[in-house]
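> Attaching a single structure in structure tokens format; questions to follow.
The values are calculated or read from the model by the stated rules, or taken from the named source; none is laboratory data. Everything numeric in this text was worked out from a predicted model, so none of it was measured. Cβ sites come from the backbone with ideal geometry, for glycine too, and all protein chains shown count toward neighbours.
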Amino acid sequence: MTPPISRRNLLLGSTAAGVLAWTGGPAGPASAAGQPFTAALDYESPAAFAAAQSAYLAGNPTNNETGLYAWGESYFMLGLLRMYEAYQDEQYLRTFEERAALLLRTTDHARGVKDYRGRSGKVWRTAHNYTAGHGVLPDGAGQPAVQLRWAGTRSAESTAEVLNVSGDTFDLVLRNPATTTVVTLRGVSLDPGAATYVVPAVNAAYGPAVRWTAVDLRKSPRRRSAPRAATIAFVPQYYVFAVHTGMIAYPLARYARMVLKTPGLNRGPRRRTALDLLGAAKDAVAFHDCEYATRPGGAGDYVWPKGAPIPFDGTIQPYNQSQGPGLVMVELYRATGEQRYRTRVSELLTAYRAGLTLEADSAYVWPYWPPYGELYAGYTREAGVSEYTPFYSASRQIEDISHAAISTEFVHAAFEAGIDSGLAQDVERFAATFRQNVVRSATEVWYRVNGTADAVPGNAVQCARWMPYAEQDAIVHEQSLRVYDAVQLVPVQGSHALGIAYLNWAKQQGWRNQ
């Protein structure tokens, strides 16, 4: 274990170039004489977490339709559990229980809302920048004829303008504010037998950065009169992402396991709450069983259904997204002992190991997309992989530290659960990844897990989410604290609350109370 580097003895400005070169945020005061840096907040204090909690709750998230639960509430709630582990103060559990009640009151089932398939599960749907938008092109009689689709950011702000109607033909202008590219199709028609048929014309305009596609909605497409001149608005589609479910349900399952396995907590109303949350986590993760696929060799991944209104439908999900529900299943196994959860976690681990490269310094490096998946290799239109993203070039970027934190949390949780004997070696290697590839300078980190790309402060502070590995190497704690001090983070997000909770947790060696 690497000895800790004391932030009190570390002098900003005494390290290599780049210490003061933070992009997009203050580096903090440092004199030419190299005076010690003092942060405005003591990030290792309960007071700092209280400030983060107040700032986060001021946003008052009430649903996940813009991803606020998945990428805010989930972090905050995990932070509450880490603060409890750090201090054994039940105020954190009481706040957690209030937030958990909100989550259960605002599932799709409880709200009476549905996803794109008409399902109203005990999960939390989303739209916004995550899903496709649909616009309906009518025929001359006003009947729905063709569905126009944009599968990218700001999908609901897309428009389709019908112009220059002449007989059976018309011009169609497609716009989305996420791109400056305006697609203009001249003289198209609704006649599937015509060379100017609008569906293939729209699909031919598709590109990886210009996400237009179209399908005919008619049971028996045939020649029809052109639509009237109009501007067609787009409607966002609703989808439930497995990773969103995993991130939200993970703290619910973790709380349930903590309470049910701790004699001092496992009684009265708290026990009943734990059983309710255990059931909720089971229901939530089961909603995605239809997306799970096993491969030869005992590997498993989540796969987006082909035809789902999202980018990359029909493809294997990134490692971090498959591991989101994996986190829940680790806790469900620990709480219930049911082998089906352990089996699936083991399959996810097998799949992950296929993408890990062990470097000479014992650090792991891995890509964002699984190397056996469609996105890593790239695919053609002719392969018929995806409806909303018909073709895509090979995408082989190395994972970034923020998405990687989901993966490292998953691996460490599985290690704590004793699911795989090989994980004892794996956690040491992930700790080496942080030490060798994430740490950049005394107060900086790299953006990617292979030690490349600049991390602006908003990225850099996510390094604290690797904190479970402080148990293996104190550098994870020490470096994360120095990054927070250098950035002088003013917490506003759920992930900031979690990072501060983790700094408290590591200072108090919270892993003794897991």
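> Restricting to region 278-302, count the residues that are within 28 Å of Ala214 (Cα to Cα) and either surrounded by 19 or more Cβ atoms within 10 Å (Cβ to Cβ) or charged (D, E, K, R) (or both).
Of the residues in that region, 3 qualify.
> Among (1) assigned to a helix (DSSP H, G or I); (2) surrounded by 20 or more Cβ atoms within 10 Å (Cβ to Cβ), there is one condition Ser386 misses while meeting the rest; what is its number?
Every listed condition holds for Ser386 apart from (1).
> To continue, here is another question. Collect the residues in region 486-503 that are assigned to a helix (DSSP H, G or I) and surrounded by fewer than 24 Cβ atoms within 10 Å (Cβ to Cβ), keeping them in residue-number order.
Residue satisfying the conditions is Val487 alone.
> Let me confirm something: among Leu104, Leu78, Leu68, which residue is within 19 Å of the chain's Cα centre (by Cα), of a type outside the set (Gly, Ala, Ser), surrounded by fewer than 22 Cβ atoms within 10 Å (Cβ to Cβ) and modelled with pLDDT of 95 or more?
Leu68
> Mind counting the residues in region 358-388 that are of a type in the set (S, T, N, Q) and out of contact with any Ser or Thr (no Cβ under 8 Å at 6 or more places or on another chain)?
Residues that pass the stated criteria total 2.
> Here are some residues: Ala249, Ala214, Ala195. Which one is surrounded by fewer than 16 Cβ atoms within 10 Å (Cβ to Cβ) and of a type in the set (Gly, Ala, Ser)?
Ala195
> Residues that are modelled with pLDDT of 95 or more and either loosely packed, with under 15 Cβ neighbours inside 10 Å or touching a helix residue (DSSP H, G or I) at 6+ places or on another chain (Cβ under 8 Å) (or both): does region 34-41 have at least one?
no
> Considering only region 259-316, state which residues are closer than 26 Å to Pro371 by Cβ, aromatic (Phe, Trp, Tyr) and assigned to a loop (DSSP other than H, G, I, E, B).
Of everything in region 259-316, those that are closer than 26 Å to Pro371 by Cβ, aromatic (Phe, Trp, Tyr) and assigned to a loop (DSSP other than H, G, I, E, B) turn out to be Trp304, Phe312.
> Out of Val136, Val146, report the one residue that is assigned to a strand (DSSP E or B), touching an Asp or Glu at 6+ places or on another chain (Cβ under 7 Å) and under 30 Å from Leu185 (Cα atoms).
Val146
> For region 40-59, how many residues meet the condition of being more than 20 Å from the chain's Cα centre (by Cα), in a loop (DSSP other than H, G, I, E, B) and within 15 Å of Arg99 (Cβ to Cβ)?
The total comes to 1.
> Another question, if that's okay. Are any residues in region 471-480 buried (at least 24 other Cβ atoms within 10 Å of the Cβ) and aliphatic (A, V, I, L, M), and if so, which ones?
Within region 471-480, Val476 is the sole residue that qualifies.
> Kindly establish whether Arg435 is assigned to a helix (DSSP H, G or I), among the charged types (D, E, K, R), surrounded by 21 or more Cβ atoms within 10 Å (Cβ to Cβ) and at pLDDT 95 or above.
no
Residues checked against (1) under 22 Å from Trp511 (Cα atoms); (2) in the same structural domain as Leu148 (by TED's automatic domain parsing); (3) touching a residue at least 12 places away in the same chain (Cβ under 8 Å):
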| position | (1), (2), (3) |
| --- | --- |
| Ser322 | no, no, yes |
| Gln339 | no, no, no |
| Tyr379 | no, no, yes |
| Glu382 | no, no, no |
| Glu387 | no, no, yes |
| Ile401 | yes, no, yes |
| Glu428 | yes, no, yes |
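> Only residues that are more than 25 Å from the chain's Cα centre (by Cα), of a type in the set (Gly, Ala, Ser) and modelled with pLDDT of 95 or more: list them for region 267-297, please.
Matches in region 267-297: Gly268, Ala274.
> Can I ask one more? Identify, please: which residue in region 341-377 is touching a strand residue (DSSP E or B) at 6+ places or on another chain (Cβ under 7 Å) and either in a helix (DSSP H, G or I) or not assigned by TED's automatic domain parsing to the domain that holds Glu399 (or both) and is, among those, nearest to Ala274 (Cα to Cα)?
Checked region 341-377; the qualifying residue nearest to Ala274 (Cα to Cα) is Arg344.
> Name the pairs whose Cβ atoms lie under 6 Å apart, with the first residue in region 140-153 and farther than 22 Å from Pro309 by Cα, the second among the hydroxyl-bearing types (Ser, Thr, Tyr), and 6 or more positions between them or separate chains?
Gly140/Ser225
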